[in-house]
Number of protein chains: 2
Amino acid sequence: MRELELIDALEEVLGRASPRVVRSLGDDAAVVRGRGGYAVTSVDAMVDGVHFRTGQLAPEDIGHRALAAALSDLAAMGAAPGEAYLMFGIPEGIGLDEALALARGAQELASEAGVTIAGGDVTRAPALVVSFTVVGWAADPEELVGRDGARPGDVVAVTGTLGGAGAGLALVEERARARALPPGLARMLRGRYARPTPRLAEGRELSALGARAMIDLSDGLATDAGHIARRSGVRIELSLGALPLADGVAEIAAELGVEPRSFAATAGEDYELCACVPEGLRDGPAVNDSGAQRAGVLQRAGLTRIGSVVEGPAGVAFVDAGDELSGYEHAF
Amino acid sequence: MRELELIDALEEVLGRASPRVVRSLGDDAAVVRGRGGYAVTSVDAMVDGVHFRTGQLAPEDIGHRALAAALSDLAAMGAAPGEAYLMFGIPEGIGLDEALALARGAQELASEAGVTIAGGDVTRAPALVVSFTVVGWAADPEELVGRDGARPGDVVAVTGTLGGAGAGLALVEERARARALPPGLARMLRGRYARPTPRLAEGRELSALGARAMIDLSDGLATDAGHIARRSGVRIELSLGALPLADGVAEIAAELGVEPRSFAATAGEDYELCACVPEGLRDGPAVNDSGAQRAGVLQRAGLTRIGSVVEGPAGVAFVDAGDELSGYEHAF
């Protein structure tokens, strides 16, 4: 496959650009009118054998998943997503159809998220590499939520449920067989791993509701909450018992011989958001503060309180964990 | 080497951000105040064994070269460069020092070019991958020069000299030995390959002078001029005899047993600019039109007329070439 042939074919797959996109594929660079004075930019790369295995996922899944991981970083800033730029490293043995299937999987998610894939680069490589640079926009940087704003007294909450992607990966890798699960649930868990959903609307609503620090759960709650703790200079106390487990995680964890909530706290790639919010949100979405629509978004995302920010040496502690999670306190 | 350890160390190497950069490394995304309403974005990836060989270049060269190739795309749009975002795929056997040397090489060029490396991603990979997403800014998209604006009657010109990077590569790969060259010249040619200079100031001046189409020479003049021809729907007639050869190219080409001007027309990676400009620039920099400063930039870049845009089927023809280059007329 020649690179130029792939680039031409990509123009078909990625054809529909937002009217803000003045130039996209086929020139030296893409030209995009911003939607606010501030660009919010993140890069996320996935490599075969490191972040996925080509034999275990369809090319469409791989494309979707790489873009989802990148957009999840914008969600964690509370940014409105705008454009994505792809980088594909294509090894021998991956043909034009498969490379276009990667792009199609990404394009489906881009369309759902209102994102234009406006350009990029393709090259030969010894293993499949799929990297996305994503750009969101903000009129005022104060709207955006970093990792460094958590303060003692804040509530720590997560969107959705945890452990689903980890359980799905165990199924994809055939380390677990889901004998105890109905087929629909096993499929759903595989989907949590193969096609994660970046929590873009939830990130913006959490920002609007006053979240002070936020991160997306790519490496697992224990590790990712640690990044907030370190950047904010605070201690984060979490409760394993409070973690919202995805359906089926208990059964898969039992099959793997691990404690389900520890599994959910350390398995990564759920791409849920972990936010530190002022006390006002303690009892769930702040209906009084924010109106029914915002509360609705967060209720659909199932915001769950899982702990608190306290004074103390920067780190994460699970207040009700056994020995197995105690190391996370110093894991960074 | 742990990824987090590298990221922490990168913050030291890439420390100096422009005041427009509100957030950079260490958060989910970088936040940057734009310098104009339009973002100009390009991605360029380089892979060990495809675009370079780790044994032949120092890590600093590899970092410099990857960023230079990406910035060269902004030069070819006539955009003012702003930020860069890195993606490093690091194989086993490359340690922290070497990874930081990649970043240091890129940072040196970034500082020269007034670019902030504001974020990115690092991951394990089976081979070294160095990719940069670069962002430039423009207040008005009309200031930017695409590949599609060439019109019959335009003059085709290039900055600088050609063939130097190709000759340098022959020296780096020890296909040529430079016995006929003084040591300083051999070193200069190796530098043309290892540390190319993106023609950012020249791109903006060519844009200001009214260039209608522009591209940077990464794949070689014959191929790259073909992209302009195809996108603009024009025929480009070039003269081999007019090509400005870099010093030493004639000697290296002789050693390789190839015709020097054909070598210069097809060897890539010079990262000079090829521009189609209205007739007014025919006799060199348009001093009368543009003032001494602009003319000075282009004179220092050594703008050379190498051909014309004419009516006819889209393609490139070398009017004075032998058989060896006739294929390029249909090479895309």
Assuming residue B:98 fulfils every condition listed in (1) without any contact (Cβ under 8 Å) to a residue 40 or more places away in the chain; (2) more than 8 Å from chain A (Cβ to nearest Cβ); (3) not in a helix (DSSP H, G or I) apart from one, which condition is it?
(3)
Please verify whether residue A:37 is buried (at least 20 other Cβ atoms within 10 Å of the Cβ) and small (Gly, Ala, Ser), treating the condition exactly as stated.
no
I'd like to know if segment B:188-198 contains one or more residues that are away from chain A (no Cβ under 14 Å), farther than 30 Å from residue B:229 by Cα and free of Cβ contacts under 8 Å to residues at least 12 places away in the same chain.
no
Of everything in segment A:122-168, what is assigned to a helix (DSSP H, G or I), more than 9 Å from every other protein chain (Cβ to nearest Cβ), touching a residue at least 24 places away in the same chain (Cβ under 8 Å) and not small (Gly, Ala, Ser)? Give them in sequence order.
A:143
Any chance segment B:297-312 includes a residue that's small (Gly, Ala, Ser), assigned to a helix (DSSP H, G or I) and modelled with pLDDT under 95?
yes
Which of the following residues is under 20 Å from residue A:250 (Cβ atoms) and of a type outside the set (D, E, K, R): A:152, A:183?
A:183
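Results for (1) surrounded by 24 or more Cβ atoms within 10 Å (Cβ to Cβ); (2) more than 30 Å from residue B:94 (Cα to Cα); (3) at pLDDT 95 or above; (4) within 20 Å of the chain's Cα centre (by Cα), shown as yes or no for each residue.
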site	(1), (2), (3), (4)
B:139	no, yes, no, no
B:167	yes, no, yes, yes
B:191	no, no, yes, yes
B:197	no, no, yes, yes
Segment A:46-77, residues that are in contact (Cβ under 8 Å) with a residue 60 or more places away in the chain, β-branched (Val, Ile, Thr) and within 14 Å of chain B (Cβ to nearest Cβ)
A:47, A:54
Using the structure shown, decide if residue A:126 is within 30 Å of residue B:88 (Cβ to Cβ) and touching a Ser or Thr at 6+ places or on another chain (Cβ under 8 Å).
no
Residue in segment A:145-159 that is of a type in the set (S, T, N, Q), in contact with a strand residue (DSSP E or B) (Cβ under 6 Å, 6 or more places away or on another chain) and either closer than 30 Å to residue A:308 by Cβ or assigned by TED's automatic domain parsing to the domain that holds residue A:308 (or both) present:
yes
Of all residues making up segment A:6-20, the number that are farther than 19 Å from residue B:228 by Cα and within 10 Å of chain B (Cβ to nearest Cβ)
1
Of the numbered conditions (1) within 14 Å of another protein chain (Cβ to nearest Cβ); (2) assigned to a loop (DSSP other than H, G, I, E, B); (3) within 14 Å of residue B:160 (Cα to Cα), residue B:274 satisfies every one except a single condition; which is it?
(2)
Condition broken by residue A:109, with the remaining ones in (1) within 14 Å of chain B (Cβ to nearest Cβ); (2) farther than 18 Å from residue B:44 by Cα; (3) of a type outside the set (Gly, Ala, Ser) satisfied
(1)
Read through the list (1) surrounded by 17 or more Cβ atoms within 10 Å (Cβ to Cβ); (2) assigned to a helix (DSSP H, G or I), then give the number of the only condition that residue B:108 fails.
(1)
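With the requirement that a residue be among the charged types (D, E, K, R) and under 16 Å from the mean Cα position of the chain (by Cα), what does segment B:211-263 give you? Quick ask: steps written out before the conclusion?
Taking segment B:211-263 as the starting set, the residues that turn out to be among the charged types (D, E, K, R) are B:212, B:216, B:219, B:224, B:230-231, B:235, B:237, B:247, B:251, B:255, B:259, B:261.
Scanning segment B:211-263 gives B:216, B:219, B:224.
One line per residue, one yes/no per condition, for (1) part of a helix (DSSP H, G or I); (2) crowded, with 23+ Cβ neighbours inside 10 Å; (3) assigned by TED's automatic domain parsing to the domain that holds residue A:67; (4) in contact with a Lys or Arg (Cβ under 8 Å, 6 or more places away or on another chain):
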position: A:205; (1), (2), (3), (4): yes, yes, no, yes
position: A:210; (1), (2), (3), (4): no, no, no, no
position: A:218; (1), (2), (3), (4): no, no, no, no
position: A:226; (1), (2), (3), (4): yes, yes, no, no
position: A:237; (1), (2), (3), (4): no, no, no, no
position: A:252; (1), (2), (3), (4): yes, yes, no, no
position: A:262; (1), (2), (3), (4): yes, no, no, no
position: A:265; (1), (2), (3), (4): yes, yes, no, no
position: A:270; (1), (2), (3), (4): no, yes, no, yes
Which condition does residue B:27 not pass, out of (1) under 28 Å from residue A:25 (Cβ atoms); (2) crowded, with 18+ Cβ neighbours inside 10 Å; (3) of a type outside the set (Gly, Ala, Ser), if it passes all the others?
(1)
Of the criteria (1) assigned to a loop (DSSP other than H, G, I, E, B); (2) within 13 Å of another protein chain (Cβ to nearest Cβ); (3) closer than 19 Å to residue A:204 by Cβ, which one residue A:92 fails:
(3)
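The values are calculated or read from the model by the stated rules, or taken from the named source; none is laboratory data. Keep in mind it's a predicted model, so treat the numbers as computed, not measured. As a convention, Cβ positions derive from the backbone with ideal geometry for all residues, glycine included, and neighbour counts pool all protein chains shown.
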